[in-house]
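Beneath this line is the structure, given in structure tokens, with notes to follow.
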Amino acid sequence: MPHTTDLHFRRALPEDEARLQAIRRAAFAPVFASFRAILGDEIYELAQRRGDEAQEGLLTSLMAADSGWEMYVAQSGGQVIGFVALRLDRETHVGEIGLNAVDPAQAGKGIGTAMYEHAVACMRQAGMKVATVGTGGDPSHAPARRAYRKAGFDVEIPSLWMCRKL
């Protein structure tokens with residue numbers, strides 16, 4: 001349970017976008033730095049930088065009413081402190097957690113785990129039979145993996161993305 005006693009969730013509103021982008025930038029800065037450190041500057045610039053930079057537009061697109069995604073915010077003390085996108089496939093009955101982040105100033109308080117539990121509850125209510133989430137295997141994603149596991153994600157298929165400079 002989060003240390004934040006008044007944590008609650010609501011659908012994201014268009015006026016939340018600036019705050020969500022600020023949380024996304026802060027939360028993913030160490031991830032992108034980790035990718036650069038692992039890949040080295042040259043491969044990072046060629047193979048990864050554009051994808052990292054495209055994340056801002058991805059968040060904007062997920063918030064669009066016709067995106068097929070539902071965006072929820074975690075709020076405490078009147079302030080948005082995290083967000084989670086989810087998609088419900090009513091044909092396959094598979095729900096997916098997409099882009100999500102917690103304000104790094106709120107890290108370690110159980111907010112991520114609570115967000116994922118909220119997403120899973122929404123999926124159950126919508127009749128989903130399986131919940132999925134993808135995340136990185138690098139050290140910068142270790143907190144996300146811990147939170148997903150705490151929220152009950154216990155079946156994993158490891159994956160690697162490999163690069164070679166030409």
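Each reported figure results from applying straightforward, stated rules to the coordinates on display, with no laboratory input. No experiment lies behind these values; they were computed from the predicted model shown. All Cβ positions, even for glycine, are placed from backbone atoms using ideal geometry, and neighbour counts span all protein chains on display.
Where Lys and Arg each count +1 and Asp and Glu each count -1, what net charge lies around H93 among other residues with Cβ under 15 Å from its Cβ?
+1
Just to check, using Stokes-Einstein with a Kirkwood Rh over alpha carbon pairs, what's the diffusion coefficient of region 14-89 at 10 °C and 1.306 mPa s in µm²/s?
115 µm²/s
With an 8 Å Cα cut-off and a minimum separation of 6 or more residues, compute the relative contact order for region 8-150 in percent.
Here the relative contact order equals 25 percent.
Quick one: net charge of D154's neighbours, Cβ under 15 Å, K/R +1, D/E -1?
Surrounding charge for D154 is +2.
For D6, D16, D89, what ranking results if the residue with the fewest other Cβ atoms within 10 Å of its Cβ goes first?
Fewest-to-most ranking of D6, D16, D89: D6, D89, D16.
Could you tell me the calculated FRET efficiency between A37 and V155, based on Cβ-Cβ distance and R0 = 25 angstrom, to the nearest 0.05?
0.25
What are the equivalent ellipsoid semi-axes of the chain, built from the alpha-carbon gyration tensor (square roots of five times its eigenvalues), in whole angstrom, biggest first?
26, 19, 17
So what J values fall out for region 87-92 if you push phi through Karplus, 6.51 cos²θ - 1.76 cosθ + 1.60 with θ = phi - 60°, rounded to Hz, Gly and Pro as x?
10, 10, 9, 6, 7, 8
Sorted from fewest to most neighbouring beta carbons within 10 Å, what does the list M128, M162 look like?
M162, M128
Taking other Cβ within 10 Å of each residue's Cβ, how do I157, I38 sort, fewest first?
I157, I38
List the residues whose amide H sits under 5 Å from the amide H of L99, counting only those 5 or more places along or on another chain, with H placed 1.01 Å from N in the peptide plane.
A85
Can you list the HN-Hα couplings for region 109-124, worked out from phi with the Karplus curve (6.51, -1.76, 1.60; θ = phi - 60°), rounded to whole Hz and with x for Gly and Pro?
Values, residue by residue: 9, x, 5, x, 4, 5, 4, 5, 5, 5, 4, 5, 4, 4, 5, 4 Hz.
Which whole-Hz ³J(HN,Hα) couplings does region 51-63 yield from phi under the Karplus relation 6.51 cos²θ - 1.76 cosθ + 1.60, θ = phi - 60°, glycine and proline marked x?
For region 51-63, the Karplus curve yields x, 5, 5, 6, 4, 4, x, 4, 4, 4, 5, 5, 7 Hz.
Taking a cut-off of 24 Å between Cα atoms, list the lysines near K109, but don't count ones fewer than 8 places away on the same chain.
Those lysines meeting the cut-off are K150.
Give, as a single signed number, the net charge of other residues whose beta carbon lies under 15 Å from the beta carbon of A54, with Lys and Arg counted +1 and Asp and Glu -1.
Surrounding charge for A54 is 0.
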